[in-house]
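Undergrad: To start, I am sharing the structure in question, which I have written as structure tokens.
The values are calculated or read from the model by the stated rules, or taken from the named source; none is laboratory data. Values in this document were obtained by computation on a predicted structure and should not be read as measured data. Cβ atoms come from the backbone with ideal geometry, glycine included; neighbour counts cover every protein chain shown. These area figures cover heavy atoms from the full protein model, side chains too; ligands, DNA and RNA do not enter into them. Shrake-Rupley method; radii C 1.70, N 1.55, O 1.52, S 1.80 Å.
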Amino acid sequence: ERQWESTNLARDKAGAARNDASLTLNPKTGAKLVLTDWQSCSSQGECDGERFLYLGVLGRSPYRAVEIQYEHDSPSLVLFDPSNGTGVTVHYGSEATSANPPDTLLLSAEDMNDATSLLVTRLGSDGPALELQCLGTRSESSSFGVAFKRWSADSSVEVVLIKAGQNLPVRFERGAEGAWTLRSRGDLKGQGFECRQRGAASAAPSAKP
């Protein structure tokens, strides 16, 4: 892995560098981000830790991607804005995570905790910003699962919500001014799944069939 990583670092000498167990990301402005591998083991031999692997530029965006490898969990990604040093961390691997074709919007989902969450983050030139947040309630008898389907357009993403053996297709569409619309034939709010727009246009997204 480190040999493969060295190729990625060689392509971005000004933006990232490794010194033994530490990976440093250097923005044009703002503070450096230093990520250091670590491992800690108990007296019973159970170990926990993190390893950081530099992946390079995220597709067509300027963001740099770093994979976090855990001892006992699926990996995460750190997406780092090299212009100002801001960033965002998202799970991927066992959970739905997908960027749109131009790599300007990132959908991520997580259904392992108390409430199922679905997030859409804008990867803008001014840093990452959470635009859409959806939460699905969890009870002792049922919960929401999320299956990514596709980006049908640069600003339109389709997923399938799964609850009690039922599949509920949902499409999220982003308008030119940044407002989100949720399209579904089911009564998502009545079943415990609600969305809210974040940022300057903070409000509940309009729902349409």
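Undergrad: Can you tell me what the convex hull of the Cα atoms of the chain projects to on average, as an area in nm²?
TA: Computing the convex hull of the Cα atoms and averaging its projections yields 14.1 nm².
Undergrad: Given 25 °C and 0.890 mPa s, how large is the Stokes-Einstein diffusion coefficient of region 23-69 in µm²/s, with Rh as the Kirkwood radius over Cα pairs?
TA: Here the translational diffusion coefficient equals 193 µm²/s.
Undergrad: Could I ask something else about it? Springs between alpha-carbon atoms under 10 Å, Gaussian network over the chain: tell me which of LEU105, LEU53, LEU33 tops the mean-square fluctuations.
TA: LEU33
Undergrad: Taking R0 as 35 Å, what FRET efficiency do you get between SER152 and LEU130 from their Cβ-Cβ distance, rounded to the nearest 0.05?
TA: Calculated transfer efficiency: 0.95.
Undergrad: For the chain, set up a Gaussian network in which alpha carbons nearer than 10 Å are linked by springs, and say which option among CYS134, CYS47, CYS195 fluctuates the most.
TA: Comparing CYS134, CYS47, CYS195 in the GNM, the peak value goes to CYS47.
Undergrad: What nm value, rounded to one decimal, do you get for the distance between SER142 and GLU1 when each label is placed 7 Å out toward the C-beta?
TA: Label-label distance for SER142 and GLU1, simple model: 4.0 nm.
Undergrad: Here's a follow-up. Ignoring any ligand, DNA or RNA, what whole percent of the accessible area of the chain comes from carbon and sulfur when the probe is 1.4 angstrom?
TA: 48 percent
Undergrad: Now for a separate question. Before rounding to the nearest 500, sum -39500 (n - 2.57) across all DSSP H runs of length at least 4 in the chain and divide by the residue total; then give [θ] at 222 nm in deg cm²/dmol.
TA: Taking each H run of at least 4 residues, the total per residue is -1000 deg cm²/dmol.
Undergrad: Still on this structure, please answer the following. In the neighborhood of LEU35, defined by Cβ-to-Cβ distances under 11 Å, what is the net charge if each Lys or Arg adds +1 and each Asp or Glu adds -1?
TA: After counting each charged neighbour, the total is 0.
Undergrad: Taking amide H positions as placed 1.01 Å from N in the peptide plane, with prolines and chain starts having none, which residues 5 or more places from LEU188, or on another chain, fall under 5 Å of its amide H?
TA: Residues meeting the amide H criterion: none.
Undergrad: For the charge dipole of the chain, defined by +1 on Lys and Arg C-beta atoms and -1 on Asp and Glu C-beta atoms about the Cα centroid, which residue among LEU106, GLY85, THR181 has the Cα displaced farthest towards the positive pole?
TA: Going by the charge dipole, the pick is THR181.
Undergrad: Assigning unit charges at the beta carbon (Lys, Arg +1; Asp, Glu -1) and nothing else, what dipole magnitude in debye, to the nearest 20, does region 8-110 show about its Cα centre?
TA: It comes to approximately 720 debye.
Undergrad: Here's another thing I want to ask about it. Whole number in Å², please: accessible area per residue of the chain, 1.4 Å probe, ligands, DNA and RNA not counted.
TA: 54 Å²
Undergrad: Taking every alpha carbon pair in region 64-163, what does the distance histogram look like in 10 angstrom bins from 0, in percent?
TA: That works out to 15, 44, 33, 8, 0, in percent per bin.
Undergrad: Another one. Once the piece of chain linking TYR92 and ASN19 is laid out straight, how much longer is it, given 0.36 nm per residue of separation minus the C-alpha distance between them?
TA: Gain on stretching TYR92 to ASN19: 23.6 nm.
Undergrad: Would you mind telling me which residue in SER40, SER117, SER142 has the biggest mean-square fluctuation in a Gaussian network model of the chain, where springs connect alpha carbons within a distance under 10 angstrom?
TA: Largest GNM mean-square fluctuation: SER40.
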